[in-house]
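Here the structure comes first, spelled out in structure tokens, and everything after it is commentary.
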Amino acid sequence: MDPLLFDAIAAIAKILFVWAVVLAALLPNLVLLERRGAALIQDRPGPNRVGPFGLFQALADVVKMFMKEDMVPIYADRLLYNLAPLIMMIPALTTFAVIPFGSQIPLTIGGVTHTIPLIIADVNVGILYVFALTSLGVYGIVLAGWSSNDKFSLMGGIRSSAQIISYELAMGIAATGVFLAAGSLRLPAVVEYQQTHLWNCIPQLLGCIIFVVSAFAETNRLPFDLAEAEAELVAGFHTEYSAFKFGMFFMGEYANLVAASALIVTLYFGGWSLPGLALTGLWGGIASIGIFAVKTFCFIWLFIWVRWTLPRFRYDQLMALGWKAFLPLSLLNLLWTGWLVLAGGGKF
Amino acid sequence: MNGELLVFAAASAVAIVSALAMLFQKTPVKSVLSLVVTFFALAVLSVLLAAPFVAALQVIVYAGAILVLFLFVIMLLNLTQEAAERETRVVHRFLSAVSVLALGGILVGVTWRSGAPPVPVSASLNAIPATGVDGEIPMLGRLLFTDYLLPFEALSVLLLLAVVGALLLSKRRFE
């Protein structure tokens, strides 16, 4: 087979695989997981009526979203109002393109062995690509807030824009430590580095904590969901949204959650690798996907756990934490990592 | 017609149309959004020129941070359509026409002199995704800290001065 054609088919197959897992299998069931998890933490049964253990609740929720009346406020800016949910969803889904979700799979066709690396696009600015896309996701929230033409929504949008700038800076500088250590911006290189060295979360514990906490702010999850803040802003930026467009915001939040968890695992927790395991061959490749999935799931659960445990921050507390604590601390982490790299001659 | 020409044509068309939309849009928020689209199209052009690093920075810094800040300010002041319709004077129009012509002349002149691009676009395009080697970033870093050290540091001092100046001005007004 023509190698170019083979690469194209492999790329399309990988895209379909990742999106099928994230969109069809993960997102609806994460909503159920969140609701059952909340119930567990709050010591109540939660939704357990639809199907065994409430497993079909996700299906019922999706049907409900579709069947509800789709209302658009008269004074809303229709174009942007309709575009906003999409803008929130698309960056989260395209982030997966540069995240390596496994080692590689050898495939023999007609006597020729092709090695398929389990990453959709190995671009040489990997981490920057992720930051570029996630920084665009905020437009979905800001535009939803503005185009609804409603005071509560606008407040949510304004808060979100200020919040994202404050936290993106600290997050970016924390991640700089990772690629300083790995010597490359490519995410596969970061995983390779962690196979031969300690996982980044150990030497760069400070950077890891900053990155994880900033990820909460970046994905608009409690304790940083100031853009939504149902106790003060009704529902914040999506107050005026109903039916399927509201559902898109809902799904977008979970898509962001999965992307953030996968990124944390890749940057700080060894990606698809486990120490002492050589994941080669067909079964090694499949096992590496499993390891990556389990690790990512741990962080998804962390996000859910924190949401139902911690109260919401006040807006000024959020800004103070971002600028006065995280920014200097992330610079300190960068200095520390630079010192480690220098002291170990690049190897520690 | 080959693929890269197609992408170039599409990205350029989007950049020009959205830049015009930015100028002629009545609502400030939509102007900012058109500018976001322009920057995105410019980032695509950078990728075509085998400079994905520049493309990523373009999106992160301009589309992702500076324009979000613009949007924040516009939304905070809640500028509406009426507020944006300022009175236009003949002098203003004349001055802007002159500066547009001057800038256009400089751009055309520079492009005319520089001639053909040093690297054929097709060769550079093939070199981007497949190799996955990050050659340009260490090179850029090395250049910044050797040949261009003085301009680099001077720029950072300039930015610092701007930050301190902005702080001073805003503090003086409120106290």
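Going by what's in this entry, would A:Phe152 be described as away from chain B (no Cβ under 12 Å), within 30 Å of A:Gly236 (Cβ to Cβ) and touching a Pro at 6+ places or on another chain (Cβ under 9 Å)? No; evaluated as a whole, the condition is false for this residue.
Taken over the range A:182-220, the criterion of being in a helix (DSSP H, G or I), more than 14 Å from A:Gly271 (Cβ to Cβ), more than 17 Å from the chain's Cα centre (by Cα) and touching a residue at least 24 places away in the same chain (Cβ under 8 Å) is satisfied by A:Leu206, A:Gly207.
The residues in the range B:1-32 that are closer than 20 Å to A:Trp146 by Cβ and touching a residue at least 12 places away in the same chain (Cβ under 8 Å) can be counted, and the count is 8. Here the condition is being at pLDDT 80 or above and closer than 27 Å to A:Glu240 by Cα; of A:Pro47, A:Pro28, it holds for A:Pro47 alone.
Condition first: at pLDDT below 70 and over 22 Å from the mean Cα position of the chain (by Cα). Can you find one or more residues in the range B:140-160 that meet it? No, that holds for no residue. Among the residues of the range A:102-130, those identified as crowded, with 23+ Cβ neighbours inside 10 Å and away from every other protein chain (no Cβ under 12 Å) are A:Gly102, A:Ser103. Return the residue satisfying two criteria in turn: it lies in the range A:161-181 and is closer than 13 Å to A:Ser214 by Cα and crowded, with 23+ Cβ neighbours inside 10 Å, and of such residues it is farthest from the other protein chains (Cβ to nearest Cβ). Across the range A:161-181, the extreme among qualifying residues is A:Ala174.
Scanning the range A:131-149 for residues that are more than 9 Å from chain B (Cβ to nearest Cβ) and over 16 Å from A:Asn220 (Cβ atoms) yields A:Ser148, A:Asn149. Please verify whether the range B:33-40 includes one or more residues that are over 12 Å from the mean Cα position of the chain (by Cα), under 16 Å from A:Gly140 (Cα atoms), buried (at least 21 other Cβ atoms within 10 Å of the Cβ) and without any contact (Cβ under 8 Å) to a residue 60 or more places away in the chain. Yes, the conditions are met somewhere in the range B:33-40. Being surrounded by fewer than 16 Cβ atoms within 10 Å (Cβ to Cβ) and among the acidic types (Asp, Glu) holds for only one residue in A:Asp61, A:Asp43, and it is A:Asp43.
Rundown of residues vs (1) closer than 27 Å to A:Val62 by Cα; (2) buried (at least 20 other Cβ atoms within 10 Å of the Cβ), yes/no style:
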site: A:Val212; (1), (2): no, yes
site: A:Glu230; (1), (2): yes, no
site: A:Val234; (1), (2): yes, no
site: A:Trp272; (1), (2): no, yes
site: A:Thr280; (1), (2): no, no
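What number of residues within the range A:72-85 are surrounded by 13 or more Cβ atoms within 10 Å (Cβ to Cβ) and not in a helix (DSSP H, G or I)? The total comes to 4. Is it fair to say A:Tyr75 is within 11 Å of chain B (Cβ to nearest Cβ) and among the aromatic types (Phe, Trp, Tyr)? Criteria not met by A:Tyr75.
The values are calculated or read from the model by the stated rules, or taken from the named source; none is laboratory data. Keep in mind that this is a model prediction, so the values were computed, not measured. Every residue, glycine among them, receives a Cβ derived from its backbone with ideal geometry; neighbour counts consider all protein chains shown.
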